[in-house]
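**Student:** One structure, pasted below without further comment.
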Amino acid sequence: MTLLVEPVRMNSTADAEPHIYQSNVTRPIAVDVSKVSLTFDTTDGKVEALSNVDLQIGGGEFVSFIGPSGCGKTTLLRVIADLQQPSSGAVTVNGMSAEQARLGRNYGYVFQAPALFPWRSIEANLKLPLELMGFSPTEQKQRAARYLDLVNLTGFERKFPWQLSGGMQQRVSIARALSFDPELLLMDEPFGALDEIVRDHLNEQLLQLWAKTRKTVLFVTHSIPEAVFLSTKIVVMSPRPGRITDIIDCNFPRDRTLEIRETPEFMAIAQRVRTGLRAGHSYDE
Amino acid sequence: MPVARTAWCTHPLVKRSAPVVTIVTVLIVVWYIGAVLMNLSLVRGGFEREEAPYTMMELLEGTMSAERPLLPAPHQVVGAFIESVFGYPPTAPRSLVYHAMVTLSATLLGFGLGALLGIVLALAIVHSRVLERSLMPWIICSQMVPILALAPIFIVVLGAIGLQGLLPKSIISAYLSFFPITIGMVKGFTSPDPMQMDLMRTWSATSRQVLSKLRWPSAVPYLFASLKVAITISLIGAIVAELPTGAEAGIGARLLAGSYYGQTIQIWSALVAAAVLASGLIAIVSYVERKVGRRMGART
């Protein structure tokens, strides 16, 4: 069993001298991305979506990926989820290849949109992955109830998706991703389409959820405050080619509240993320 | 009393039925005018042949009650329709109910076969690129040959291998009706959102599970749209199949017999029967669609 005690060496082409980060997490490595590159063939020629990305994520961490559009943060998440194959390099999830991890249902994935199945009631939506995985009907019912309660949606079992607000639908999709108890939660800008107030509220709920379930969370976002507020580690990425430019530790206590956003420590980290984004030429155009 | 008048005008029943009633009235009026104009020379010729004196009134009456008019008046068609529906026991060869049932059974069997074939083809096409490339051109070609030319060939070939009566008609009907279902269901089976497909992948669903839990439910709206097209085409197929075969029973046979003997009223009442049948079939499909939609959480 590999333990994340050795320093994580990040891959950076922008800095001449590579920084070395010491992580305080000592649980086994949940995700190990090594020298991953991915090139898309488009009509405009080749696009380097990911270039030589190295990253290790310890179990139980909350890692945010931040960067401008086209920096490959979503692509990286999809590669980890085995929804896309890298051109070169290797990905290990819970000690398995990405494909084995997917086939073994090691992660739950939350997309930008709730992607609920409109013909299924909320309860039936939650049960869907459980049906596919062969849980018994009683177990399905119990789990649906438990995870609906976890996202504060008890009482909405019989409603259909269109009867819920966007924020509630997204909470259902989070509950659905958790319903089969995967160790890893991959979230691709889950709150991107929601307004600021709902987003704040869901951020708090997500933190509570994370503290309660002790999952490893990989979280793609556009928002600096969101990333700093939620994460134990922030991965700053930059486009053309998509690469990691900085990895920032962010060790606020797990039971943080929205108030920490006013503290100097929070501001300092947010500033560092902003500087990192700028260094990646992300505000050039 | 202006109050009473507005109350009458805004009654929901009046509001809902007024547009329909207006259009129907206009159509009937136009039809009557058409009947007078088209039958005028026919009736006048009749009077002149008998060298009998006639008034304008008698001429008009004649256009409304000719035995073999070019265009029968609406009341003649309705009268003949009602008589042939209710005037005979439903098993009598003169009963329109009897003929409608013969055509209906061929229609339903053809529709069932066509729906089955259409869905199976769509499944094959969705699951295999090779099949899509090899089948699709033939499917489209099949619909480019006029059915009127194909129907006699079908009947002769199927007759040669001992198939007669209901089945050949159903096969012609299925031949027409599978097409909209294949086209609609290919679209329906490929309609799931990429995100939903990705979700199924993250749950490592088998392709059979993707079919039953995602592709099928997504295709349901497309299924009903194509079923509505297909069921009317099935009816047309069954009627067309009765034409070249000299069938003794069925709406097609009534149309053919009517045109042989110049029985225009009979032709028109058979047409009315076909229209009633088609509306009924569509109404049934729509009813099932609403029921299924409600179970699948459609906003109503």
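**Student:** So how do A:195-205, A:125-135, A:89-99 stack up, highest first, on mean other-Cβ count within 10 Å?
**Tutor:** Ranking the peptides A:195-205, A:125-135, A:89-99 by packing returns A:125-135, A:89-99, A:195-205.
**Student:** To the nearest 20 Debye, how big is the dipole of region B:162-300 about its Cα centre, given +1 on the beta carbon of each Lys and Arg and -1 on that of each Asp and Glu?
**Tutor:** It comes to approximately 620 debye.
**Student:** Counting GluC sites (Glu not before Pro) as exposed when in a DSSP loop with at most 13 other beta carbons within 10 Å, what is the longest stretch of chain B free of them?
**Tutor:** B:68-247
**Student:** Residue by residue, what Karplus-based ³J(HN,Hα) values in Hz, rounded to whole numbers, does region B:166-182 have, using 6.51, -1.76 and 1.60 with θ = phi - 60° and x for Gly and Pro?
**Tutor:** 5, 5, x, 4, 5, 5, 5, 5, 5, 4, 7, 8, 5, 4, x, 6, 4
**Student:** Lys and Arg at +1, Asp and Glu at -1: add these up for the other residues within a Cβ distance under 12 Å of B:Ser95 and post the number.
**Tutor:** Around B:Ser95, the charge tally is +1.
**Student:** Near A:Thr74, within a Cβ-to-Cβ distance under 14 Å, what is the net charge of the other residues, with Lys and Arg +1 and Asp and Glu -1?
**Tutor:** Here the charged neighbours net out to -1.
**Student:** Continuing with this model, one more query. Compute the distance in nm between two label points, each set 7 Å from the Cα along the Cα-to-Cβ direction, one at B:Cys9 and one at B:Ser65.
**Tutor:** Label at B:Cys9, label at B:Ser65, 4.1 nm between them.
**Student:** Based on DSSP H runs of at least 4 residues, each adding -39500 (n - 2.57), what is the mean residue ellipticity at 222 nm of chain B after dividing by all its residues, to the nearest 500 deg cm²/dmol?
**Tutor:** Only helices count here, giving -26500 deg cm²/dmol.
**Student:** Return one number: the angle in degrees, 0 to 90 and rounded to the nearest 10, between the long axis of the Cα atoms of helix B:264-295 and the longest principal axis of the Cα atoms of chain B.
**Tutor:** The answer is roughly 30 degrees.
**Student:** Among the chymotrypsin sites (Phe, Trp or Tyr not before Pro) within region B:238-271, which fall in a DSSP loop and have no more than 12 other Cβ atoms within 10 Å of their own Cβ?
**Tutor:** Taking region B:238-271 and a limit of 12 other Cβ atoms within 10 Å, the loop chymotrypsin sites (Phe, Trp or Tyr not before Pro) found are B:Tyr261.
**Student:** Going by alpha carbons, how many degrees (0 to 90, nearest 10) lie between the helix axis of B:74-86 and the longest principal axis of chain B?
**Tutor:** Roughly 70 degrees between the two axes.
**Student:** Which one, B:Val20, B:Val145, B:Val77, has the greatest fluctuation when you compute a Gaussian network model over chain B with C-alpha springs under 10 angstrom?
**Tutor:** B:Val20
**Student:** Would you calculate a helix-derived [θ] at 222 nm for chain A, using -39,500 (n - 2.57) for each DSSP H run of n ≥ 4 and dividing by the full residue count, to the nearest 500?
**Tutor:** When only DSSP H runs of four or more count, the value is -10000 deg cm²/dmol.
**Student:** Return the FRET efficiency for the residue pair B:Arg44, B:Arg133: r is the Cβ-Cβ distance, R0 is 60 Å, and the value is rounded to the nearest 0.05.
**Tutor:** 0.40
**Student:** In a GNM of chain B with a 10 Å cut-off on Cα contacts, which of B:Leu277, B:Leu148, B:Leu113 has the highest mean-square fluctuation?
**Tutor:** B:Leu148
**Student:** A follow-up question, please. Loop sites only, by DSSP: take the trypsin sites (Lys or Arg not before Pro) in chain B that have at most 15 other C-beta atoms within 10 Å and name the longest stretch containing none of them.
**Tutor:** Excluding the exposed sites themselves, the longest stretch runs over B:95-298.
**Student:** If you don't mind, there's one more thing I want to ask. With +1 on the Cβ of every Lys and Arg and -1 on the Cβ of every Asp and Glu, and nothing else charged, how large is the dipole of the protein assembly as shown about its Cα centre, in debye rounded to the nearest 20?
**Tutor:** 1080
**Student:** Per residue, how much accessible area does chain B show when a 1.4 Å probe rolls over the protein heavy atoms, in square angstrom?
**Tutor:** I get 56 Å² per residue for this part.
**Student:** Modelled label-to-label distance, B:Ile23 and B:Val78, 7 Å Cα→beta-carbon offset: nm?
**Tutor:** With each label placed 7 Å out from Cα toward Cβ, I get 1.9 nm.
**Student:** If the cut-off is a Cα-Cα distance under 25 Å, which lysines reach A:Lys159, setting aside same-chain residues fewer than 8 apart in sequence?
**Tutor:** A:Lys127, A:Lys141, B:Lys213, B:Lys291
**Student:** Continuing with this model, one more query. Quick one: putting +1 on the C-beta of Lys and Arg, -1 on the C-beta of Asp and Glu, what dipole do you get for region A:143-268 around its Cα centre, in Debye to the nearest 20?
**Tutor:** 520
**Student:** Would you mind giving the mean number of other chain beta-carbons within 10 Å of the Cβ of each residue in A:113-124, as a whole number?
**Tutor:** Neighbouring Cβ atoms belonging to other protein chains average 4 per residue here.
**Student:** Right, another one. Which residues belonging to region B:212-252 lose at least 10 Å² of 1.4 Å-probe accessible area when the assembly is complete, relative to their chain isolated?
**Tutor:** B:Lys213, B:Leu214, B:Pro217, B:Ser218
**Student:** Chains B and A: what accessible area do they bury, summed, in square angstrom to the nearest 100, with a 1.4 Å probe?
**Tutor:** 2200
**Student:** Another one. On C-alpha positions alone, give me the angle between the axis of helix B:147-160 and the longest principal axis of chain B, in degrees, nearest 10.
**Tutor:** Roughly 80 degrees between the two axes.
**Student:** If you don't mind, another one. Could you work out, residue by residue across B:289-299, how many beta carbons of other chains sit within 10 Å of that residue's beta carbon, and then give the average as an integer?
**Tutor:** Across the residues of B:289-299, the mean count of other-chain Cβ atoms within 10 Å is 3.
**Student:** Using a 1.4 Å probe on the protein heavy atoms, what percent of the accessible area of region B:7-70 belongs to carbon and sulfur?
**Tutor:** 71
**Student:** Now, a different point. What is the sum of charges, Lys and Arg at +1 and Asp and Glu at -1, for the other residues whose Cβ falls under 15 Å from the Cβ of B:Leu199?
**Tutor:** +4
**Student:** Mind listing, in residue-number order, the residues in region A:140-188 that have at least 20 Å² less accessible area with every protein chain present than in their own chain alone (1.4 Å probe)?
**Tutor:** Residues shielded by partner chains are A:Phe160, A:Trp162, A:Arg176.
**Student:** So which residue, out of B:Ala219, B:Ala52, B:Ala66, gets the largest mean-square fluctuation from a GNM of chain B using Cα contacts under 10 Å as springs?
**Tutor:** Maximum among the listed residues: B:Ala52.
**Student:** Per residue of B:189-199, count partner chain C-beta atoms within 10 Å of its C-beta, then hand back the mean as an integer.
**Tutor:** 4
The values are calculated or read from the model by the stated rules, or taken from the named source; none is laboratory data. The model shown is predicted, which means the values in this text are computed figures rather than measured ones. Here Cβ is always computed from backbone atoms with ideal geometry, including for glycine, and neighbour counts include all displayed protein chains. Surface areas here come from the heavy atoms of the whole protein model, side chains and all, with no ligands, DNA or RNA. Shrake-Rupley method; radii C 1.70, N 1.55, O 1.52, S 1.80 Å.
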